[in-house]
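Student: The structure's right below; bear with me while I get my questions together.
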Amino acid sequence: MAPLLLQLAALGAALVAAALILISFVAFITATEMPQLHRHEEEKFFLNVRGQREALPSIQDSPTKQLSVVVPSYNEEKRLPVMMDEALGYLEDRQKQDPTFTYEVIIVDDGSKDQTSKVAFKYCQKYGSDKVRVITLVKNRGKGGAIRMGVFSSRGKKILMADADGATKFPDIEKLEKGLNDLQPWPLHSQSLWMDVQDQMAIACGSRAHLEKESIAQRSYFRTLLMYGFHFLVWFLCVKGIRDTQCGFKLLTREAASRTFSSLHIERWAFDVELLYIAQFFKIPIAEIAVNWTEIEGSKLVPFWSWLQMGKDLLFIRLRYLTGAWRLEQTRKMN
């Protein structure tokens, strides 16, 4: 009996090893090069309040605002106004209290089929195109791709990613700013050939981990199992020490944003994980900050299939970096 069990165990181990080798091979040969920041002609401009086209700036330009807020939006004509009203109300009040505070909000319409761009442009008309800009993508790129486009068109010293659903209370940005400042002194990356010695990198991630017990009580056992499975894969394969990688409320210094998004391959739901994987590879300091969060109806995630896709992406992220299909280089230049 014992020899048979040993044989079965050996066979099982051999099958697992063969499956892993096969998956690694598939991950390697299907790996695409880093998506280039290709812009269709109409994506190189934004419309000012008079409806005239103006060229978008570049992340490589010197910053001229203290804060850029990038809002990826796909079919968000109904949810976007609530978020924008809260965000702009906060930002305007803050500017009144501190006239030296400057900001911009960049809404990236990710190939929406509804009136998202028109709804967003009304805020441009109300607040001016120096404060609110709308980038309309010709086709859907995915959340990560849309944010990347907004980041690379931003003017802020610090860049905030914020979801269009308004699930996170916007004033919580002050918590992220404190978390970012508490990471100081930020390391100087003077050894990098493409960065100035004064460049500083840090990231503050909004987190819902403190709300986990409450969310579990409201979820089905199946969704809870999927959540724990996803968290385990994130920890095991990609990112250590961050309990909530998927919260859409993240604050980055301009240098950290350009460094991480320049190396990003994933453009859809799992892009957050690769972003933090890249940040940890480059030893960029990361703070995880608890924020207020409310679940908003209208999520684009389809529970089972979206989690399955993200699980595949997590495995492929790890395998592609492990096999050298994707590489991160200390001296890599930005796109």
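Student: Taking the simple approach of a point 7 Å from Cα along Cα-to-Cβ for both residue 139 and residue 62, what is their distance in nm?
Tutor: With each label placed 7 Å out from Cα toward Cβ, I get 3.9 nm.
Student: So if I place +1 on the C-beta of Lys and Arg and -1 on the C-beta of Asp and Glu, and nothing else carries charge, what would the dipole magnitude of region 86-167 be about its Cα centre? I want it in debye, nearest 20.
Tutor: Numbers: 15 positive and 11 negative charges, 66 e Å.
With only Lys, Arg, Asp and Glu charged at Cβ, the dipole is about 320 debye.
Student: Then there's this: Please sort 163-170, 254-261, 111-118, 53-60 by packing, taking for each peptide the average over its residues of neighbouring beta carbons within 10 angstrom, highest first. Before the final figure, lay out the partial values.
Tutor: Details: 163-170: 21.4, 254-261: 24.2, 111-118: 16.4, 53-60: 14.5.
The densest-packed peptide leads the list: 254-261, 163-170, 111-118, 53-60.
Student: Along Cα→Cβ, 7 Å out, is where each label goes; now give me the distance between the ones at residue 53 and residue 125 in nm to one decimal.
Tutor: Between residue 53 and residue 125, the simple spin-label model gives 2.1 nm.
Student: Using a 1.4 Å probe, how large is the accessible area of residue 86, given in Å² and rounded to the nearest 10?
Tutor: That residue has around 60 Å² of solvent-accessible surface.
Student: Using label points projected 7 Å from each Cα along Cα→Cβ, tell me how many nm separate residue 78 and residue 45, to one decimal.
Tutor: The modelled label-to-label distance comes out at 3.4 nm.
Student: Would you report the distance distribution of C-alpha pairs in region 56-146 as whole percents per 10 angstrom bin, up to the bin with the largest distance?
Tutor: Percent of pairs per bin, in order: 16, 48, 30, 5.
Student: A further question follows. Report the one residue of 149, 166, 180 whose Cα lies farthest in the direction of the positive end of the charge dipole of region 97-193 (charges on C-beta: Lys and Arg +1, Asp and Glu -1; origin at the Cα centre).
Tutor: 149
Student: Counting only protein heavy atoms and using a 1.4 Å probe, what share of the accessible area of region 89-128 belongs to carbon plus sulfur, as a whole percent?
Tutor: Values: 970 of 1970 Å².
Exposed carbon and sulfur together represent 49 percent of the surface.
Student: Got the relative contact order for region 40-140 handy, in percent, Cα pairs under 8 Å and 6 or more residues apart? Each step should come with its number before you reach the end.
Tutor: Working: 146 pairs, mean separation 36.3, N = 101.
With pairs under 8 Å counted, the relative contact order is 36 percent.
The values are calculated or read from the model by the stated rules, or taken from the named source; none is laboratory data. Model, not experiment: these values are computed from the prediction. With ideal geometry, Cβ positions are generated from the backbone for all residues, glycine too; neighbour counts draw on all protein chains shown. Note: accessible area is taken over every heavy atom of the protein model, side chains too, but ligands, DNA and RNA are not part of it. Shrake-Rupley method; radii C 1.70, N 1.55, O 1.52, S 1.80 Å.
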